[in-house]
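The values are calculated or read from the model by the stated rules, or taken from the named source; none is laboratory data. Because the structure is predicted, anything quoted here is derived from the model rather than measured. With ligands, DNA and RNA removed, areas are computed over all heavy atoms of the protein, side chains included. Shrake-Rupley method; radii C 1.70, N 1.55, O 1.52, S 1.80 Å.
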Amino acid sequence: MERNILLVDDQRDILRLLHATLDTLKIQGLKIFETPSGEEALIESARHRVDLLVTDYKLPGMSGVELMHKVRARHPEAKVVLITGMTDRKVREEMLNAGALAIFDKPIPLADFLDVVERGLGLVQTIFPPERPSDEKTEQRHARVSDLLANFRQDINAEAVFLLNDRGLVQARTGKLHDESMEVSLISTLMAIHAAGLKVAKYNHQEKLASYHIFSGGDNDLLFIPVAPMYALLVAGTGLVHEDRILETVNALLALRKEVERSLRSIGVTGELHSISPKTVPLATAAAPTIPIPASVKPAEKPADVPPSPEMEALLKDAAAKQSKSTDMDDFWSQAAEKHGSKPTSNEVISLEEARKLGLLPGDGK
């Protein structure tokens, strides 16, 4: 199936970076078109179907949002990813209200960008591994956790509450973020904080994770707290960490963590750091994988001493003879060097000994 992506940015370096990143997907039938301006992008959109538009917000001639509306007038099903280096709140609101699939700030997180592209094009691939099929016990646990999150959200008047696993997948949720287009990038960054916190706890010789992170202001107040080495809670809302209610919010969140931890413990997940072995190894230090040998396969026995075949004996003798000839040749050149090494290389030059015999050296005539 043919899929077309139109990249629009007036910076050639950004276009090359995005194009090279998309090439790593190796998707058959994927075509990528590049233009440096909105006007040229409209020409390309008249020539080709556009399945995904990736455009910078600040373009010469028109904005990325204006281009988005013009392209969608011709291709209503086109998905749009906006890229910006601007932090102005009005601009952010304009991009949010435009209905883009995602909004990325520069520098662009390329792994998250690829994930959004794959989801936007309806591809099977994803940077996140697939979830295992849920059984009845897991479904019951999800239902209980979902109820806990919903009740907590209502109690503290939050906009959204998430339970995340260490791979950045949402296990349970209630509500939504103010800027849904940033959800993938936000969660990915928070899980990097989770991994760093896990290392700090180990270096500090803690038996359990006991930390939380607060981000105030912006679109939402965010509270992020580990539940276990493999899980964390994210809470988003307005005024959650104001000085007159921050203690109430944090205490409620700690109580929620305890309930979620109890629910996870019922299926064998604990908060103890030593109970979970690292699942991934940094690329720079990753060792070669080992393959277990089934018990039914016996290791090969040491081969017995077997005399060489006549053909092999002949080869060995021939090699020894060649080595002997090589030694003789070396001796020949050594002797030649001793014999002729003192002779001059020109007929117009005589040796010191010959000059002495001819009485050409000073003092030799006495």
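Across every pair of non-identical alpha carbons in segment 41-85, the mean reciprocal distance, once inverted, gives a Kirkwood radius of 10.5 Å. The accessible surface of segment 7-106, taken with every protein chain in place and a 1.4 Å probe, is 49 percent carbon and sulfur. Distant-in-sequence amide contacts of VAL227, defined by a placed amide H-H separation under 5 Å and a gap of 5 or more residues or a different chain, comprise ALA232, LEU233. Extension gain for GLN11 to LYS106 (0.36 nm times residue separation, less C-alpha to C-alpha distance): 33.0 nm. Near the amide H of ALA160, within less than 5 Å, lie the amide hydrogens of ALA236, all on another chain or at least 5 residues away, with H placed in the peptide plane. In the calculated pair distance distribution of segment 5-86, what percentage of Cα-Cα distances lie above 14 Å? Here the tail beyond 14 Å accounts for 58 percent of pairs.
Cross-link pairs exceeding 20 Å in C-alpha to C-alpha distance, out of LYS31/LYS79; LYS58/LYS90; LYS176/LYS208, comprise LYS176/LYS208. Rg/Rh, computed from the Cα trace of segment 178-217 with Rh as the Kirkwood radius, has the value 1.09. Fully extending the segment from LEU247 to HIS178 would add 22.5 nm, taking 0.36 nm per residue of separation and subtracting the current Cα-Cα distance.
Shape class for segment 165-251, computed from the alpha carbon gyration tensor (a ≥ b ≥ c): oblate, with a/c not under 1.5 and a/b at or below b/c.
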